[in-house]
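Enquirer: Take a look at the following structure, please.
Where a number appears in this text, it was derived from the coordinates with a stated rule and is not lab data. Only a predicted model underlies this, so the values are computations on that prediction, with no experimental measurement involved. We place every Cβ from the backbone using ideal geometry, glycine too, and count neighbours over all the protein chains shown.
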Amino acid sequence: MIRKRVLVSGRVQGVYFRETCRQLAQERGVAGWVRNLPDGRVEAVFEGGEEPVAALLAWAGEGPPDAHVSGVEAHEEPAEGLSGFSVLR
């Protein structure tokens, strides 16, 4: 199991980024959370198998159809054994 903390920049708020991310994570069995940051970025934590997490990272580089992603930072962290995937407010 791996864990990645991801920061996504660009036009990523108000375009269903968080909800789409939650749906895709649940479909792939990835645990974690996603939230908007005050500076306009989206932050997410993905925890699960290497391939499903890599698929979500690849998706984060594009986002949903109305998003315009200009950058993605991903940092590996120790896995915490999370379960479920949440949209944080």
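Enquirer: Pull out the extension gain between residue 68 and residue 26, defined as 0.36 nm times the separation in residues minus the alpha carbon to alpha carbon distance; nm, one decimal. Please list the in-between numbers first.
Expert: Details: separation 42, 0.36 × 42 = 15.12 nm, distance 2.31 nm.
Between residue 68 and residue 26, full extension yields an extra 12.8 nm.
Enquirer: Would you indicate which of [x] 42, 12, 10; [y] 28, 13, 10; [z] 19, 12, 12 is the value of semi-axes √(5λ) of the Cα gyration tensor in Å derived from the coordinates of this structure?
Expert: It is the value labelled [z].
Enquirer: While we're here: Any idea how far apart residue 80 and residue 57 come out in nm if each label point goes 7 Å out from Cα toward Cβ?
Expert: Taking the simple label geometry, residue 80 and residue 57 are separated by 1.9 nm.
Enquirer: Just to verify a number: FRET efficiency for residue 1 and residue 39, C-beta to C-beta distance, R0 = 25 Å, to 0.05? Numbers along the way, then the final one.
Expert: Values: r = 30 Å, r/R0 = 1.19.
It comes out at approximately 0.25.
Enquirer: Moving on. What's the longest bit of the chain with no exposed GluC sites (Glu not before Pro), using DSSP loop states and at most 12 other Cβ atoms within 10 Å as the test?
Expert: 1-61
Enquirer: Quick one: angle between helix 17-28 and the longest Cα principal axis of the chain, in degrees between 0 and 90, rounded to 10, please.
Expert: In the chain, helix 17-28 runs at an angle near 30 degrees to the longest axis.
Enquirer: Please state the relative contact order of segment 2-77 as a whole percent: Cα pairs under 8 Å, 6+ residues apart?
Expert: 49
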